[in-house]
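Only one structure is covered here, and it is reproduced in the block below.
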Amino acid sequence: MEIINGKKIAKEIKSDLAKEVEQLKRLGVNPALTVILVGNDSASEIYVRSKAKACAEIGISSNILRLSKKIEQKELINLISRINQDAKIHGLLVQLPLPDHLDEDVVVQSVALEKDVDCFCAENVGRMFFGKGEILSCTPAGVVELLRRSGVGIAGKDVVIIGRSRVVGRPLAAMLINLNATVTVCHKQTKNLSEKCAQADILISAAGQAGLVIEEMIKPGAVVIDVGINRTKEGKVVGDVVWSAAERRASLATPVPRGVGPMTIAMLLKNTIIAANIAAKKLNKKQVTK
Ligand code: GUN
């Protein structure tokens, strides 16, 4: 079995993106991302810090706005509206989860479409579903890019995805259908999960359950993509797939860590640059029509 090294692939992508950032800067556009973090969830804190660090690595400026967990929805939406109107900020994301008193849907939908680097806004999701979007969901786009750069063909393949979340399973299914795969999406109520998975040329687990994917679920020679991030009692980070099972059965597999995780951040950077390019085009139009 060969290992798909997500960290290495993400590094290659980031070095290409750094060149795009330089080009944008030469045009007078400094790509900038704002991250809103409400409250002090420790996992979210780690995520937003790694997003900011990745931005810095390739020359994108980033700003983390840390807000009280007691902030009122109206105040949060007013802040988002102000950032929406700030031409110097190209990407905006609200780190989830939000405290219970805030309506995540309403908050997320208030981000301007052209700054929605998470691809959470309904219209961006709709465009992505029909293969028309420029900005794509980060983790699904990362999975597709990993497959592409590892030389795995997608058209005509039987793909099984375990998990139907808004951030991974559903958008990933749409993207793979658009790339002409035959996609089965499994979830907690799926019957005969093992048998379904064992049919997959490409098996993708995004269930968030350590030890879920065992040997009998992997077709010999299959490609296995592990999107799960789980912490064991001992504090170790593991995926959903039993690694020794993948080693015995798969032809290619992503490890956890250093698999899909680094790709999610690379795709966020890519989306921020796409958003900055959209802004650069607008600026150009204004200058031309002046
Ligand atoms: N929380 C966990 N993953 C994500 C993500 O990709 N985007 C945002 N905004 N919040 C998250």
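The values are calculated or read from the model by the stated rules, or taken from the named source; none is laboratory data. Just so you know, these numbers come straight off a predicted model, no measurement behind them. Positions of Cβ are backbone-derived with ideal geometry, glycine not excepted, and every protein chain shown enters the neighbour counts.
Which one of 87, 56 is small (Gly, Ala, Ser), loosely packed, with under 14 Cβ neighbours inside 10 Å, more than 16 Å from the chain's Cα centre (by Cα) and within 25 Å of residue 42 (Cα to Cα)? Just one listed residue meets the conditions, 56. Within the range 171-187, restricting attention to residues that are under 22 Å from residue 267 (Cα atoms) and not small (Gly, Ala, Ser), the residue that is farthest from the chain's Cα centre (by Cα) is 180. Kindly evaluate residue 168 against the criterion of being within 16 Å of the chain's Cα centre (by Cα), within 16 Å of the ligand (Cβ to nearest atom), farther than 23 Å from residue 49 by Cα and at pLDDT 95 or above. It is false that residue 168 is within 16 Å of the chain's Cα centre (by Cα), within 16 Å of the ligand (Cβ to nearest atom), farther than 23 Å from residue 49 by Cα and at pLDDT 95 or above. Residue 95 passes every criterion in (1) touching a Phe, Trp or Tyr at 6+ places or on another chain (Cβ under 8 Å); (2) away from the ligand (no atom under 14 Å from the Cβ) apart from (2). Residue under question is residue 18, and the condition is that it be more than 24 Å from residue 121 (Cα to Cα), within 16 Å of the ligand (Cβ to nearest atom) and either in contact (Cβ under 8 Å) with a residue 12 or more places away in the chain or surrounded by 12 or more Cβ atoms within 10 Å (Cβ to Cβ) (or both); does it hold? Taking the combined requirement at face value, the residue does not satisfy it. Given the structure, is residue 43 aliphatic (A, V, I, L, M), surrounded by fewer than 14 Cβ atoms within 10 Å (Cβ to Cβ), under 23 Å from residue 137 (Cα atoms) and modelled with pLDDT of 95 or more? For residue 43, the condition - aliphatic (A, V, I, L, M), surrounded by fewer than 14 Cβ atoms within 10 Å (Cβ to Cβ), under 23 Å from residue 137 (Cα atoms) and modelled with pLDDT of 95 or more - is not met. Here the range 221-277 is the region considered, the condition is being of a type in the set (Asp, Glu) and more than 15 Å from the chain's Cα centre (by Cα), and the residue that is modelled with the lowest pLDDT is 234.
A single entry from 83, 89, 77, 71 fulfils the requirement of being within 15 Å of the ligand (Cβ to nearest atom) and either part of a helix (DSSP H, G or I) or without any contact (Cβ under 8 Å) to a residue 60 or more places away in the chain (or both): 83.
Of the residues screened, residue 109 is not one that is on the phi < 0 side of the Ramachandran plot and within 9 Å of the ligand (Cβ to nearest atom). Looking across the range 30-47 at every residue that is away from the ligand (no atom under 11 Å from the Cβ) and among the hydroxyl-bearing types (Ser, Thr, Tyr), the one that is farthest from residue 81 (Cα to Cα) is identified as 42.
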